[in-house]
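As structure tokens, the structure follows; a few thoughts come after it.
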Amino acid sequence: MKSRELSVSECVRFEDEILHPLRYCGEIPEKLNNPFNYSVHPVCKAAVDDLVPNLKPFLDDDAEGKMFAVLIVKRNDNHSTEAQKLYYLAAFSGQLYDKSVIQGFVPPVFDLLDPDGYFKRKEKEISEMNKLISEIEDSCEYKGMKSSYESLRAKLENDEENFRAKLSAEKSRRDKMRSEQTLNEEEETVLRAESSFLKAEFKRMKSRNAAMLEEKRAGLEVFERKLSDLRYSRREESERLQRWIFSRYRMVNFAGASKNILEIFEDKSLGMPPAGTGDCCEPKLFQYAYLHGLVPVQIAMFWWGRSPSDIIRHYLSYYPACTGKCRPVLEYMLPGEVFSEPLPEQDFPLTVLYEDDGFWIVDKPSGMLSVPGKSHRTSVISRLVEVAEEGVTPLEVHRLDMDTSGVMVVAKSLAAQSELRKMFESRDVSKTYVAVLDGRPLEPGESGVINLPLSPDLSHRPFQKVDTGNGKDAVTLYRALGEHVVELRPLTGRTHQLRVHCAHLDGLGRPIRGDNLYGRPADRLHLHALRIEFLHPFTGEKIKVESKARGFI
């Protein structure tokens, strides 16, 4: 969010400075929820309702939003009346208006913004290096020398290329003379001498050019060496400062032990932690709770404000903790049973819509995995293993997200798998989906093309983000079938492509109903692979298979 000064009157006005009493009369959960996979409990919604009126000063239409969180806690008190009282802690991710400490929110694990602290001093030194690098790069002398060097190099390369062309033309002339007439020894000697002279002249030319370039380079080298030294020092100082920062973030866990962030990541062989590790809402909240003898009950994270341009965040929607920065830290801080939540197994039906000697086309239900995962949940592949003929092994061709239903192709042999994958990769397979969208109604007959390149959000897997610089092409055709129903035809097959293209403001700006990553939870994800069409890889027959949308439209 953009920087501005906050007056005392603008700051949150809680009844208590950090530990806020919660008025809640509903059921209290017995177990802390998993921050990476949770449904928002009513007790957290009650805390958010209490917190939201105090966030009004932080909603700025022209500023990017911020992730906030609440942690429901109880006092670790032997007195039953105190033990039953509920409170909540509030936190924001990173800094808010360039401040890390704001009244009413838990403090950071380590305050980097102390104006007299080590971080600020080293940050100033690195900033001075950046300033020196920019001054050199922007100086007229450096730019002039670099331009002069590049111009000379281009001219000399062109001269050499022209001489090579001359050598080739002269060789062709000599070869033609030899082919058209019989040359005597004297004539042959003259031709060989011409060839030797031109080759020697070219060698002398390259030597002169190299000397000229080296002389020109010598003056430029003074600047390049200085820039190289400064960049190396900047990198070394930055890495040293980053390690110092992480060594100061000492995280306390549920058992009262503590480790710094470097140690936590090293224990998991994860290398250097990503920048900002330890500054997300969740580590701040649990750190404060453990240090003050509070018992965590439930946690929830929500977005406040405008969505960024690359990732999808909806105002007052709830989100899981990020995986890149928070998972290693929270797995250390929280007891293991928080993460050991077995997913309920269901007896999913699996209908075969088409079958021949090469492949199946099945009707995958929502909630079933496409391929076996880390858990022992049923998948399309594992179910087909049970029914396949002896000697036939189901092989993955493509995947549908677990919560997406509809048509899916599975190969019966390596040859079929190879040919079908080639067809998917070369876009020779036509796929049609249907989805129900949340948000404002679509225009009748509305249609168009969504072209938003995508890449993984590495710090927040499995989320994908719009990445116009380095993302892979992702193109979707869409057509409105009703006010909230849309037909989607992906021309590419990127992870979460349809979900992001629907939810992103530069796409349809309407998340798919039940999308718990990019929208709001519901009974299920209302996305269905309706139809698939392609030419049979071995017979050339047109294959067109369709599945009913199971009545959610």
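No value in this document is a laboratory result; all are computed from the given coordinates. Being a predicted model, the structure only gives us computed values, none of them experimental. Note: ideal-geometry Cβ built from the backbone for every residue, glycine included; neighbour counts use all protein chains shown.
Points to keep in mind about this one:
- With a simple spin-label model that places each label point 7 Å from the Cα along the Cα-to-Cβ direction, the separation between Lys199 and Leu316 comes to 8.3 nm.
- Potential lengthening between Leu414 and Arg153 on full extension [0.36 nm per residue; Cα-Cα distance subtracted]: 88.6 nm
- With a Förster radius of 25 Å applied to the beta-carbon distance between Val387 and Ser430, the computed FRET efficiency rounds to 0.35.
- Value of Rg to Rh for segment 351-546 (Rh from inverse mean 1/r over Cα pairs, i.e. Kirkwood): 0.97
- Simple label model, 7 Å out from Cα along Cβ direction - Ile18 to Glu141, nm: 5.3 nm
- Normalised radius of gyration (Cα atoms, divided by 2.2 N^0.38 Å) for segment 197-274: 2.25.
- Peptide ranges 495-504, 196-205 listed from the most packed, as the mean C-beta count within 10 angstrom indicates: 495-504, 196-205
- Averaging the sequence gap over all C-alpha pairs within less than 8 Å and six or more residues apart, then dividing by the number of residues, gives segment 382-517 a relative contact order of 21 percent.
- Orientation-averaged projected area, Cα convex hull of segment 131-245 (nm²): 11.0 nm²
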